[in-house]
1. Quick one, what does Rg over Rh come out to for region 36-167 if you take C-alpha atoms and the Kirkwood Rh?
2. Before I look further, what does the chain give for accessible area per residue, probe 1.4 Å, in whole square angstrom?
3. May I ask you to order 277-288, 230-241 by the average number of other C-beta atoms within 10 Å around their residues, highest value first?
4. Taking each pair of distinct Cα atoms in region 240-301 once, what is the resulting Kirkwood hydrodynamic radius in Å?
5. Run the quick spin-label model on Asp205 and Thr173: label points 7 Å from Cα toward the beta carbon, then report their separation in nm to one decimal.
6. Putting +1 on Lys and Arg Cβ atoms and -1 on Asp and Glu Cβ atoms, find which of Ala126, Gln163, Val149 reaches farthest to the positive end of the dipole of region 126-205.
7. Please compute the alpha carbon radius of gyration of region 39-95, then divide it by the globular-protein estimate 2.2 N^0.38 Å. Two decimals is fine.
8. Output needed: percent of Cα pairs per 5 Å distance bin for region 138-195, bins running from 0 to the one holding the longest distance.
Amino acid sequence: MELRRVGELPDFSFKARDHVELGEMHDILDIPRGVKAGGPRSYVLKGAGLYLHLAVQRLALDVLTARGFTVMDVPVIVRPEALERTGFFPTGIDQTYELNGENRWLAGTSEVSLVSLYSDEIVEMASPLRLAGMSACFRREVGSAGRDVRGLYRVHQFSKIEQVVICENDADTSENILQEITANAEYILELLELPYRVMAVCTGDMSQKTHKQYDIETWMPSRGAFGETHSASNLLDFQARRSNIRYTGPDGRLKYCHTLNNTAVATPRILIPLLENHQLEDGSIYIPHALRKYMDGKDKLELPVGRL
């Protein structure tokens, strides 16, 4: 169910290009060579493409730091019990890459590590633990054959800034934090000057661990539709029970915490709307004001000579 839309959809007075064409014109994206090295659903970001990829991550980190989050670089090679405790195993095992002979797995989100950092601990709950993980992420995308095969929408390796909050076992508190972390993601999209909508996810489409979920979908002109770029979830005490994360309540008794998570930004997927919505008729690409300090002050990406 759609809850709200924010921003105006672009009304191009010219034939708009998709992100793959734009990336190739600007020599910032090379999918064929990525496939040559890594196989299907691989890519290479180069030059300004790499800097855009890093810029959106740095923007997200700066926003979350200003909002009281502790930013972290966490392991992406994890123990199987970390995936079990956070609810990604056993149901998501087919989406996860295993390191043969190591009994270790490549995580699809830093949520796995961020929650696991506090497993088997009694934590201080004077205020919620607000954590932001920056990591590479890996997903097998089993069952997606033939879906979103063009471009950067569904790839095996990507980068993500993930919000995770551990809070007291109180329904009102965790609901308020769900609204908070959703608002953080919306603010980042507004800084990127991108139109989006917020969707309430029905129970049948949520995983076993999730109590309540919002998806944020950003407008992607080449699809003629909104595409999912963020997902915010309130898991109540599901993960905390599995992970044995507790705190001492006001009555002196131990209680299981609530945990929540939400994408702050995931790239390269966010580059799809960023390139497509901000393209100009001459082939150049407008850079939103919030990203310019990470892009050497540039206000747009100019086409290399002879590329149009």
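1. Details: Rg = 16.3 Å, Rh = 16.3 Å.
Rg/Rh for region 36-167 comes to 1.00.
2. Working: 14250 Å² over 308 residues.
I get 46 Å² per residue for the chain.
3. Details: 277-288: 18.2, 230-241: 22.7.
Descending mean neighbour count gives 230-241, 277-288.
4. Values: mean 1/r = 0.0638 Å⁻¹.
Its Kirkwood hydrodynamic radius stands at 15.7 Å.
5. In this crude label model, Asp205 to Thr173 measures out at 3.1 nm.
6. Val149
7. Details: Rg = 16.1 Å, N = 57, 2.2 N^0.38 = 10.2 Å.
Dividing the Cα Rg of region 39-95 by 2.2 N^0.38 Å gives 1.58.
8. 4, 13, 16, 14, 15, 17, 13, 6, 2
The values are calculated or read from the model by the stated rules, or taken from the named source; none is laboratory data. None of these values were measured; they are calculated from a predicted model. A quick note on method: Cβ atoms are made from the backbone with ideal geometry, for glycine too, and the neighbour counts reach across all protein chains shown. For the accessible areas, the whole protein counts, side chains as well, though only heavy atoms, and no ligand, DNA or RNA atoms are used. Shrake-Rupley method; radii C 1.70, N 1.55, O 1.52, S 1.80 Å.
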